[in-house]
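Colleague: Below you will find the structure I want to go over with you.
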Amino acid sequence: MQYHTPGSFDDAVELAANAEGITRFLAGGTDVLVQLRADIVTPDILIDVKKIAGVRDITREDGGWRIGVAVSGAEMSEHPLLQKEWPGVVEAMDLIGSTQVQGRATLVGNLCNGSPAADSVPAMIAAGAWVSVIGPDGTRKVPVEDIPTGPGQTSLAKGELINAVHLPERGANGGDAYLRFIPRTEMDIAVVGCAVNLRLDGDKISEARVVLGAVAPTVLLVEDAAAAIIGSTLDEAALEILAAAASAACNPIDDKRGTIKFRTHVAGVLAKRAAKIAYERAGASV
Amino acid sequence: MSMIHVTTNVNGDDVEFLCDPRETLLDVLRDKLALTGTKEGCGTGDCGACSVTVDDRLVCSCLMLGAEAEGKSVTTVEGIADGENLHPLQEKFIEYAALQCGICTPGILVATKALLEKNPDPTETQVRYWLAGNLCRCTGYDKIIRAVMDTAADMRKAS
């Protein structure tokens, strides 16, 4: 295995584009090193991006945020303004692993690992986040929902890598939230995850995005669920339609951590609960 | 396989080593630097026995390559005591008998020291969540938590 520490994204792209064999990028390493140790994936070429300037920075950008590829979960949780504006994204990232894992794990790693149960991914999609993808043909903006294509699979081509996550401007009267179900209180993988991001006009919801994790081969942006609550005050009737729409979108696996019936039901329950939290947060931000 | 030359700082001392790119920081600490206080439990970031701090950030040394330590400052359990004088956490762990077999203890000491530096007055719940990634299979958590809470109280009084 060759280990490289390029000083720029252009150099990283060149290394990856010309690489022969299995190539992996290393940021936090909390998935890459586990796969390496367990002999699941042994890269021929490992490209550590942490020597590139700016990769550990959280910066203001067009009223929103740019979160560098190597920013850890702990660094996000310690950022008061990011936490205030996008509490759902920060709480989703914070749920991943232990304190030790938080010291290294990154949003981009969670996304590119391609797990349908990735906690931060529903929250990023609900927030309307996009990533900048650098490759041999230049840089392109891609919505987060267009990156995962299946379990462990992404739409990134050879030589391409993500250099940052971009969160839009929070704007007035908005709130987001992420909830997951696990059978214990800490250190587990989501059986179902749900993120809701919405905006209020008075007490009515004017915009919403509802996203489910761990109930299909990829994280799902559920437009019917958003439509169920847009225009409502999140009354009981709207919540019931929301839950039904969330459950209807599910296409989960059946395994020891949750049956199809259980995951489908819990998706509706979590959608209601996450929507209530997001609604409260949006109201509190007035 | 070409070896990588790494210059880093461990427990206040500048050190250099050569490592295979696949070797983890844990491998390097134990096998190249003879710092065997850091333990290997699972090797996959679940158990916390290999906890160290890197630039004051708590991490699992099994989930970091030795090569990534270049230019960093690493603290292991060997760096917690001041010479022959044990750290207050170490004193309390002895007083409370907050260990049985002891293999999780170095990781728990490093993790709790990092917690108390960040938050000198944690609640019991905060201590339990902070240590969620440090597994003790002798089921000795109760004494560990009490030792940490008592250390925190003593250190607040002393400061």
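Colleague: Restricting to the stretch A:207-261, what's the tally of residues that are touching a residue at least 12 places away in the same chain (Cβ under 8 Å), in a loop (DSSP other than H, G, I, E, B) and at negative phi?
Modeller: The qualifying residues number 13.
Colleague: Within the stretch B:104-116, count every residue that is more than 15 Å from B:Gly79 (Cα to Cα) and either touching an Asp or Glu at 6+ places or on another chain (Cβ under 9 Å) or at the interface with chain A (Cβ under 10 Å from one of its Cβ atoms) (or both).
Modeller: From the stretch B:104-116, those more than 15 Å from B:Gly79 (Cα to Cα) are B:104, B:115-116; that's our starting set.
Pick out the ones that are also either touching an Asp or Glu at 6+ places or on another chain (Cβ under 9 Å) or at the interface with chain A (Cβ under 10 Å from one of its Cβ atoms) (or both) and you get B:115.
Counting residues in the stretch B:104-116 that are more than 15 Å from B:Gly79 (Cα to Cα) and either touching an Asp or Glu at 6+ places or on another chain (Cβ under 9 Å) or at the interface with chain A (Cβ under 10 Å from one of its Cβ atoms) (or both) gives 1.
Colleague: In addition: Looking for something at pLDDT below 95 and surrounded by fewer than 16 Cβ atoms within 10 Å (Cβ to Cβ) - is there at least one such residue anywhere in the stretch B:114-131?
Modeller: no
Colleague: It is to be established whether one or more residues within the stretch A:108-124 are over 26 Å from B:Glu23 (Cα atoms), part of a helix (DSSP H, G or I) and in contact with a Pro (Cβ under 9 Å, 6 or more places away or on another chain).
Modeller: yes
Colleague: Could I ask something else about it? Tally time: how many residues in the stretch B:18-70 are in contact with a strand residue (DSSP E or B) (Cβ under 6 Å, 6 or more places away or on another chain), of a type in the set (Ser, Thr, Tyr) and without any contact (Cβ under 8 Å) to a residue 40 or more places away in the chain?
Modeller: So the count comes out to 1.
Colleague: Can you run down the residue pairs with Cβ atoms below 7 Å, 6 or more apart or on separate chains, where the first is in the stretch A:1-24 and crowded, with 17+ Cβ neighbours inside 10 Å and the partner is of a type in the set (Gly, Ala, Ser) and modelled with pLDDT of 95 or more?
Modeller: Note: pairs meeting the criteria are A:Tyr3/B:Ala67; A:Pro6/A:Ala12; A:Val13/A:Gly135; A:Val13/A:Gly159; A:Ala16/A:Gly159; A:Thr23/A:Ala16.
Colleague: Restricting attention to the stretch A:165-198, and to residues there that are acidic (Asp, Glu) and surrounded by fewer than 24 Cβ atoms within 10 Å (Cβ to Cβ), which single residue is nearest to the other protein chains (Cβ to nearest Cβ)?
Modeller: A:Glu186
The values are calculated or read from the model by the stated rules, or taken from the named source; none is laboratory data. No experiment lies behind these values; they were computed from the predicted model shown. Methodologically, a virtual Cβ is constructed for each residue, glycine included, from the backbone with ideal geometry; neighbour enumeration extends over all protein chains shown.
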